[in-house]
Amino acid sequence: MSLLFISLLMLAAGCFIYLVVNYYTVHKNTSMVIIVVKDQEPWVEGFIRKVFYLIRNTPWISIQVIDDGSCDCTLKILKRLQRRYYFELLCVKAGEIMELSGGANRFSNIKQYDVRGLTGKDLLRAPLFFRLSADGAGNFNALSK
């Protein structure tokens, strides 16, 4: 009976150590990509789908999309896409100052990408996609403002 108890205790301790190490590793290396959009209704869905296609095997990347006061249906499309893809969506009215919330401190790397003004093929060929592809190879620092 004591051998069984010791075995179960050792198993529980091993599981606890594994969970602590795994938690620390995941949260230490978590990166955030912040994407700012505005008035990109015809293209934003394809853009977001492409972003999530490129990061599908990189769980350490978190996406935050900021809508900078769109006058079209960009915000409505982003809210619909949130049902399928996990990303944080912030809405900023024109003229407001954007600040990162305190929750952003949990990320070791934060990279910002502003796609306002890009349309059509320029948006869907944005340098962000090349940089996210590089991140899939483990090179997150290739991503810049």
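The values are calculated or read from the model by the stated rules, or taken from the named source; none is laboratory data. Worth saying up front: this structure is predicted, and the values here are computed from it rather than measured. All Cβ positions, even for glycine, are placed from backbone atoms using ideal geometry, and neighbour counts span all protein chains on display.
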Considering only residues of region 115-132 that are free of Cβ contacts under 8 Å to residues at least 60 places away in the same chain, assigned to a helix (DSSP H, G or I) and not hydrophobic (A, V, I, L, M, F, W, C), which is surrounded by the fewest Cβ atoms within 10 Å (Cβ to Cβ)?
Lys121
Reported set for region 35-69 where residues are in contact with a strand residue (DSSP E or B) (Cβ under 7 Å, 6 or more places away or on another chain) and aromatic (Phe, Trp, Tyr) is Trp60
Is it the case, given these coordinates, that Asp72 is surrounded by 14 or more Cβ atoms within 10 Å (Cβ to Cβ), at pLDDT 90 or above and of a type outside the set (Ser, Thr, Tyr)?
no
Evaluate region 90-113: report whether one residue or more is at pLDDT below 90, of a type in the set (Lys, Arg) and in contact with a strand residue (DSSP E or B) (Cβ under 6 Å, 6 or more places away or on another chain).
yes
Among the residues in region 23-31, are any at pLDDT 85 or above and buried (at least 17 other Cβ atoms within 10 Å of the Cβ)?
no
Number of positions in region 39-64 that are part of a loop (DSSP other than H, G, I, E, B) and closer than 13 Å to Ile77 by Cβ:
5
Within region 41-80, residues being within 18 Å of the chain's Cα centre (by Cα) and polar (S, T, N, Q) number 4
